[in-house]
1. Would you confirm, using the coordinates I've provided, whether Ala361 is open to solvent by less than 30 Å² (accessible area, probe 1.4 Å) and free of Cβ contacts under 8 Å to residues at least 60 places away in the same chain?
2. Among what's in segment 20-30 and is farther than 20 Å from Arg63 by Cβ and in contact with a Ser or Thr (Cβ under 9 Å, 6 or more places away or on another chain), pick the residue that is surrounded by the most Cβ atoms within 10 Å (Cβ to Cβ).
3. Check off (1) out of contact with any strand residue (DSSP E or B) (no Cβ under 7 Å at 6 or more places or on another chain); (2) surrounded by fewer than 18 Cβ atoms within 10 Å (Cβ to Cβ); (3) under 30 Å from Asp187 (Cβ atoms) for Ala333 and give me the number that stays unchecked.
4. Can you tell me which residue in segment 82-105 is nearest to Lys320 (Cα to Cα), limited to those that are of a type in the set (D, E, K, R) and open to solvent by less than 20 Å² (accessible area, probe 1.4 Å)?
5. Quick check on Thr349: is it open to solvent by 70 Å² or more (accessible area, probe 1.4 Å), at pLDDT 90 or above and of a type in the set (S, T, N, Q)?
6. Condition test on Ile255, is it open to solvent by less than 30 Å² (accessible area, probe 1.4 Å) and either in contact with a helix residue (DSSP H, G or I) (Cβ under 9 Å, 6 or more places away or on another chain) or among the acidic types (Asp, Glu) (or both)?
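The values are calculated or read from the model by the stated rules, or taken from the named source; none is laboratory data. Every value quoted in this text rests on a predicted model; they were computed, and no experiment measured them. Glycine also receives a Cβ, built like all others from the backbone with ideal geometry; neighbour counts cover every protein chain displayed. In case anyone asks, the SASA skips ligands and DNA or RNA and just uses the protein heavy atoms, side chains included. Shrake-Rupley method; radii C 1.70, N 1.55, O 1.52, S 1.80 Å.
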Amino acid sequence: MPAHFDAEETRAPEIREKALFETLRTLLAGVAETTPAVKQQLDGIAIDAIADRAALQQVPVIRKGDLVALQAKAPPFAGLTSVAAGRLKRLLVSPGPIFDPEGHGKDWWGSARALFAAGMREHDIVHNAFSYHLTPGGYIMESGAHALGCAVIPAGVGNTEQQVEAIAALRPSGYLGTPDFLKILLDRIAEAGIDNPFRRALVSGAAFPPSLQQEVAGRGVDAYQAYASAELGVIAYETPARSGLVVNEGLIVEIVHPGTGDAVADGEVGEVVVTRLSPEYPLLRFGTGDLSRIVPGASACGRTNQRLAGWMGRADQRTKVKGMFVDPAQIAAIAKKFPELGRLRLVVTRADEQDQMVLRAEAGATGGDLSTALETALQASTKMKGRVEIVPPGSLPNDGKVIADERPAGA
């Protein structure tokens, strides 16, 4: 069985770097005039001069946290696509709302390498439990599975009992989805007395702490992590070396000081900024809002690309919960519906190996009707359920924080 997806993964780093910047310059020369946002980013910058990372730092960063406002000004994709919307394959919607394009081409999201590293191969049957409803997750993983030649069960989210029935009948060897839902399925499979068919898994979209990793492994599932986003596809992925996440081919990844475009020193934690070499969606210095750092040295798996230490928090308050982003603007929308309230704060915690949300709201009244109304508004705004705690007026800190991530470090 081959150890690597292709020879690109084991190239000498200097050869990869040269190829990336040659491809970048060729790409920019072809799309600069048809991609308004890229044209604006390159104002006063000669494309031919972008020969290395130092030169790339002269280009301004566009951040994910600004996409809602940018897309409102230049719908639907903020001038970041090089083709008209009607020439794309899918037009998708992430919470925020943020509109995401999917272009044409085999493995457009770059997930095949991650699935391969997780041990999935041609003719495997994989159970894809990422959402197919408007959001990109299901399509990101399905495209890679099809590129490998796998058969896909498009399970999506919810309908757990029906999913267990499909698993029992179709016997998928691979799982794609959040780690939380993998545990739920494994629990339900055991309760039903069904022999667990899962042998491999690629998980993303939520924390995968050591305690859950050990539990999943103890049930016979060899699970690996992928770091992905709706704009960039798979950015980095875990390999059998189990030492950091290897950066995907076809991407230029930088670590910068949060809020700037300036690179941090090697090994320092900073914001992940990615340049995606896609003709249809040529993202140039896209700030993810995620914190990470580069792991020094080479991976024992033989892949020679950079490695990320994994997700280490958010550079802004936009927070991923149960695989979905929650934006401060969504909490502000709730506040507008309830002007009688004081400050609001969404607290994200973790219990029973699952993310939990609690909306704390300052109010003089503490009746059940208010709590119920706020729970309904929270679910409508975020598409996820959460509890509500009514707290006395003036009890929440006056620090500007709307979303507080209180999950344990590394969880």
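1. The answer is yes for Ala361.
2. Leu27
3. (3)
4. The extreme case among them is Asp100.
5. Considered against the rule, which asks whether it is open to solvent by 70 Å² or more (accessible area, probe 1.4 Å), at pLDDT 90 or above and of a type in the set (S, T, N, Q), Thr349 comes out as no.
6. No.
Here's the yes/no breakdown for (1) of a type in the set (Asp, Glu); (2) open to solvent by 30 Å² or more (accessible area, probe 1.4 Å):
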| position | (1), (2) |
| --- | --- |
| Gly144 | no, no |
| Leu176 | no, no |
| Asp180 | yes, no |
| Arg200 | no, yes |
| Leu232 | no, no |
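Yes/no matrix, rows are residues, columns are (1) touching a residue at least 24 places away in the same chain (Cβ under 8 Å); (2) crowded, with 16+ Cβ neighbours inside 10 Å:
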| residue | (1), (2) |
| --- | --- |
| Arg188 | yes, no |
| Asp195 | no, no |
| Val221 | yes, yes |
| Tyr224 | yes, yes |
| Asn248 | yes, yes |
| Leu251 | yes, yes |
